[in-house]
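Chemist: First the structure, which I've put down as structure tokens, then a few questions once you've had a look.
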Amino acid sequence: MTEGGFVHLVGGGPGDPGLITVRGIRLLRRADVILYDRLVNPSLLAEAGPHAELIDVGKSPDEQDGHTQIEITALMLDRARTGATVVRLKGGDPFLFGRGGEEASALAEAGIGFDIVPGVTSALAGPAYAGIPATDRPRASAVRVLTGQGAPGVEPSPGTERETAIVLMGVKTLAHVVESLQADGWPAEAPAALIEQATTARQRTTVATLGTIADAASTIGVNAPAILICGHVVNLRERIAWLEKRPLFGCRIMVLRGETRARELISLFDEAGAEVVHVPAVSFSRPTDWSNADPKLDDLGRFHCIAFTSANGVDYFMDRLLATGRDARALFRALLAVIGPATAAALNRHGLSADLMPDRYTATALADTIAARSAPGDAVLLPRGNLADNDLPRMLQERGFVTAPITVYRTLPGPNLAERAQAAIEWGVDAIILTSPSTARNLVNALGERAAALDGISFISAGPTTSRGAEEVGLHIAVEAAAHTASGIIEATREWARGRR
């Protein structure tokens, strides 16, 4: 941390982590300290740097031991005065009922530099995710956004027939809000909807009329946070509701994966309607000692085949090859074998194509594929991580090959894993995706005595090796992917989701 601290007041969006702005993500990655609210999706914490200090300053109306606004402001000022770059991560938009103005005023008074990064407000995103537009040319040409923490208290408007009213933070005072809206000119028969936990897997929409919405909410037990929207635009929901139609809607999934390897999987989950909480459970680095690998690189010509079992193996192997003064031309004698499409794609990024890839993406299938194009006594080089098991070397040796495993990268626990995992579990996840034995082991080790919090959560495995690793640390696998690919994991999750409904 350096002198001259700075605070970024960043809107984290309404719940779906995909709704934060690009600038907000950039600032999270640069922050020394992140002070985050209760309604911020913990997946956003995965964007923090490995050395960032993560501080939960969430407060709930029902919790007497939560942080007060005075305490939050004091903490923000204190960290900034140490010279830190601070991100004050707030749900929704900082300046729409988010007390961002109060915090900005305190920073200005203290002489601390700050800026504002607007966020997507739940007032607009919540109705949109429920299939209700805030405006519609024939139905509504104006929008009022009100707070339920006090009476709406606006002058009666003759234009309520062509307006939309949106009320935030109004669950506890819903009956009073309804009375106030009616006093402002809204008829009891006006269409109305309550949207709970908008843009998340727990989203639930209740449609009624303004005059009956409070009774409907009481009957079904609507809980905060919820958004009330009133106006003729509510009638469009039945036609254009979209989120609930997706196959994994209602599923909150924790993805345990490396920091840079999760994008495709998260994108596919998002398309299927799941809410993803990304928790990087592993990180990777170069070995501190290359004495195991470098002699093999000096003698690449003797290897009939080089077999890669992960994209990391490809990337770190090629990096070391270049670091020792060689390039892809040194591989011209060897067949290049990969365990699956993701590993083949990693080869492609280095200008290389796989010669061998099995139909099934398992160690056994890879050993059989290599054997079909090789002769007993041939030497096989196996670039891999420090925690790789001995299944593939053993299988190749049983088929008569000489194997040379070399360590080209190290697998380490993800940064701030305990804090990130705990935040995700408290957020409430339905299933956890395990993409390697390391993700299972690191999760259990990071939680320690708090691992009991995993009870009741389903675990979905990327394949047999991952399943064995999970069982070894006491995690029971609900569904195992048939193919160790992003698509295979999605299909396994859909199978699990069908079984729970």
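Chemist: What order do THR466, THR369 take when sorted by accessible area (1.4 Å probe), most exposed first?
Modeler: Sorted descending by solvent-accessible area, the residues read THR369, THR466.
Chemist: Give a residue-ordered list of calculated ³J(HN,Hα) values for the stretch 297-303 (Karplus: 6.51 cos²θ - 1.76 cosθ + 1.60, θ = phi - 60°; whole Hz; x for Gly, Pro).
Modeler: After applying 6.51 cos²θ - 1.76 cosθ + 1.60, I find 5, 6, 10, 4, x, 8, 8 Hz.
Chemist: So what is the accessible area of the chain per residue, in Å², with the probe set to 1.4 Å?
Modeler: 44 Å²
Chemist: Net charge near GLY231, counting Lys/Arg +1 and Asp/Glu -1 over other residues with Cβ under 11 Å of its Cβ?
Modeler: Here the charged neighbours net out to 0.
Chemist: If amide H atoms are built 1.01 Å from N in the plane of the peptide, which residues on other chains or at least 5 residues away come under 5 Å of the amide H of VAL282?
Modeler: Amide H neighbours of VAL282: ARG257, GLY258, GLU259, GLY414.
Chemist: Once the Cα atoms of helix 311-323 and of the chain are each reduced to a long axis, what angle between those two axes, in degrees from 0 to 90 to the nearest 10, is obtained?
Modeler: 60 degrees
Chemist: Which whole-number percent is the relative contact order of the stretch 162-225 (Cα, under 8 Å, 6+ apart)?
Modeler: Computed over the stretch 162-225, the figure is 34 percent.
Chemist: Next question. Using a probe of 1.4 angstrom, how much of the accessible area of the stretch 385-469 is carbon and sulfur, in percent?
Modeler: Answer for the stretch 385-469 is 48 percent, counting heavy atoms of protein chains only.
Chemist: If you line up the long axis of helix 69-81 against the longest principal axis of the chain, both from Cα atoms, how many degrees apart are they, to the nearest 10?
Modeler: 50 degrees
Chemist: While we're here: Probe radius 1.4 Å, ligands and nucleic acids left out: which of LEU19, LEU146 has the largest accessible area, and how do the rest follow?
Modeler: My answer, sorted largest first, is LEU19, LEU146.
Chemist: Using a 1.4 angstrom probe and counting only protein chains, how large is the accessible area of LEU335 in Å², to 10?
Modeler: That residue has around 30 Å² of solvent-accessible surface.
Chemist: Got a number for the accessible area of TYR361? Probe 1.4 Å, square angstrom, nearest 10.
Modeler: So the heavy atoms of TYR361 present about 60 Å² to solvent.
Chemist: I've got another one for you. To the nearest 500 deg cm²/dmol, what mean residue ellipticity at 222 nm is calculated for the chain from DSSP H runs of n ≥ 4 alone, each contributing -39,500 (n - 2.57), summed and divided by the residues?
Modeler: -9500 deg cm²/dmol
Chemist: May I ask you to rank LYS296, LYS90 by accessible area, largest first, using a 1.4 Å probe over the protein chains only?
Modeler: Result, largest first: LYS296, LYS90.
Chemist: Determine the distance separating the Cα centre of the stretch 468-501 from the Cα centre of the stretch 186-223; give it in Å without decimals.
Modeler: Here the answer is 35 Å between Cα centres.
Chemist: Starting at the first residue of the stretch 27-44, write each ³J(HN,Hα) from the Karplus equation 6.51 cos²θ - 1.76 cosθ + 1.60 with θ = phi - 60°, in whole Hz, x for Gly and Pro.
Modeler: Each residue's phi maps through the Karplus curve to give 5, 4, 5, 9, 5, 7, 9, 10, 9, 10, 7, 5, 8, 7, 4, x, 4, 5 Hz.
Chemist: Roll a 1.4 Å probe over the protein heavy atoms and report the accessible area of GLU47 in Å², nearest 10.
Modeler: Answer for GLU47: close to 50 Å² accessible.
Chemist: On to the next question. If we count every other residue with Cβ under 13 angstrom of LEU27's Cβ, Lys/Arg +1 and Asp/Glu -1, where does the sum land?
Modeler: +3
Chemist: May I ask you to evaluate 6.51 cos²θ - 1.76 cosθ + 1.60, the Karplus curve with θ = phi - 60°, for each residue of the stretch 85-102 and list the ³J(HN,Hα) values in order in whole Hz, giving x for glycine and proline?
Modeler: Per residue, the Karplus-derived 3J(HN,Hα) values read 8, 10, 10, 8, 8, 10, x, x, 10, x, 9, 10, 6, x, 6, x, x, 5 Hz.
Chemist: Right, something else. Determine the share of the stretch 214-285's accessible area contributed by carbon and sulfur atoms, expressed in whole percent, with a 1.4 angstrom probe.
Modeler: Heavy-atom surface of the stretch 214-285 belonging to carbon and sulfur, 1.4 Å probe: 49 percent.
The values are calculated or read from the model by the stated rules, or taken from the named source; none is laboratory data. These numbers come from a predicted model, not from an experiment. We place every Cβ from the backbone using ideal geometry, glycine too, and count neighbours over all the protein chains shown. Remember, those area values only see protein heavy atoms, side chains included, never the ligands or the DNA or RNA. Shrake-Rupley method; radii C 1.70, N 1.55, O 1.52, S 1.80 Å.
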